């Protein structure tokens, strides 16, 4: 857990202690609601303050970041997949966010558009849309048919097992000067200081910042964030290369609510959701489907607690869309 989140965890703990000894509202949560520390991840589906995974989180006291930079509530928008550290009322769908972070999956130029299939490619990253994708191209029609090749956009969504983003939001960013992509390192060539993320080649020979890697450089399969300002022969020239932070890393026992796609699947008791390990038990309750429907690229919402090994022990799994495999062509 990074230092900022550690600080908020301490604040949350203090708030919980206060709630246990007071009959008044603490940090916007009624003491009778038995608030617990929570980490939640999912798309913003409404405001007041923000609604994530069906829970209203107050953000008036929260620290908000966008792509790791301090931001304001006005920078949050429908469809953005955010991570919340805070407290949740156990008796009602409400909570208090201490920390809200939004990190775009990819920001850059549109390379191809398949309007009939609802798909596009941005910086070598395949993007799939559906009926629930929020498309913000104002004042143009909110449809990928309004997009043009070369136009710069910001994409947020759920990443599937093959790297395809099931977009929850696509927004036009005409003034975007910085290119950004998050994904897994593949075909690493250390001698040439190059690797690939999906169909994009990244050249990091001249990167001014390379951070977070235990060995000082990326490894095959690492999830990374790459930022730069230019393409050279179709390759992204990295200025900043960082090991992506585990968004759900937290203390043993912390409540977790995460929505995403199954990105690794061994069995119904051993799988990943958006890269976070999940396990189940005979006590796990299923809604909208059953354990038999769990497989790669099925969208689920998992509720449970993180154990000492950093695995989410699922108390409840909601199978979304009837177990439909998401992102397939």
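The figures follow:
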{"quantity": "Test: residue in region 62-80 that is under 21 Å from residue 226 (Cβ atoms) and crowded, with 20+ Cβ neighbours inside 10 Å", "calculated": "yes"}
{"quantity": "Among (1) at pLDDT below 95; (2) under 17 Å from the mean Cα position of the chain (by Cα) - the single one residue 48 does not satisfy", "calculated": "(2)"}
{"quantity": "Any hit, region 252-267, residues being at pLDDT below 95 and under 30 Å from residue 206 (Cα atoms)", "calculated": "no"}
{"quantity": "Qualifying positions in region 60-98 - under 24 Å from residue 171 (Cα atoms) and touching a helix residue (DSSP H, G or I) at 6+ places or on another chain (Cβ under 6 Å)", "calculated": "66"}
{"quantity": "Matching option when the condition is touching a residue at least 12 places away in the same chain (Cβ under 8 Å), within 19 Å of residue 133 (Cα to Cα) and touching a strand residue (DSSP E or B) at 6+ places or on another chain (Cβ under 7 Å), among 313, 319, 302", "calculated": "319"}
{"quantity": "Candidate set: region 108-151, residues that are over 22 Å from the mean Cα position of the chain (by Cα) and part of a strand (DSSP E or B); chosen: the one nearest to residue 233 (Cα to Cα)", "calculated": "111"}
{"quantity": "Residues of region 187-199 that turn out to be under 23 Å from the mean Cα position of the chain (by Cα) and either crowded, with 17+ Cβ neighbours inside 10 Å or in the same structural domain as residue 68 (by TED's automatic domain parsing) (or both), as a count", "calculated": "4"}
{"quantity": "Which numbered condition residue 90 misses (of (1) in contact with a strand residue (DSSP E or B) (Cβ under 7 Å, 6 or more places away or on another chain); (2) part of a strand (DSSP E or B))", "calculated": "(2)"}
{"quantity": "Test for residue 202: is it surrounded by 13 or more Cβ atoms within 10 Å (Cβ to Cβ), touching a strand residue (DSSP E or B) at 6+ places or on another chain (Cβ under 7 Å), more than 19 Å from residue 160 (Cα to Cα) and not assigned by TED's automatic domain parsing to the domain that holds residue 276", "calculated": "yes"}
{"quantity": "Within region 70-87, considering residues that are part of a strand (DSSP E or B) and touching a strand residue (DSSP E or B) at 6+ places or on another chain (Cβ under 7 Å), the one nearest to residue 159 (Cα to Cα)", "calculated": "81"}
{"quantity": "Unique residue being at pLDDT below 95 and either under 20 Å from the mean Cα position of the chain (by Cα) or not assigned by TED's automatic domain parsing to the domain that holds residue 296 (or both) when the list is 217, 184", "calculated": "217"}
{"quantity": "Those residues of region 90-123 which are farther than 23 Å from residue 75 by Cβ and surrounded by 22 or more Cβ atoms within 10 Å (Cβ to Cβ), in sequence order", "calculated": "120"}
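The values are calculated or read from the model by the stated rules, or taken from the named source; none is laboratory data. From a predicted model like this one, the values you see are computed outputs, not experimental measurements. Cβ coordinates were reconstructed from backbone atoms using ideal geometry, including for glycine residues, and neighbour counts include every protein chain displayed.
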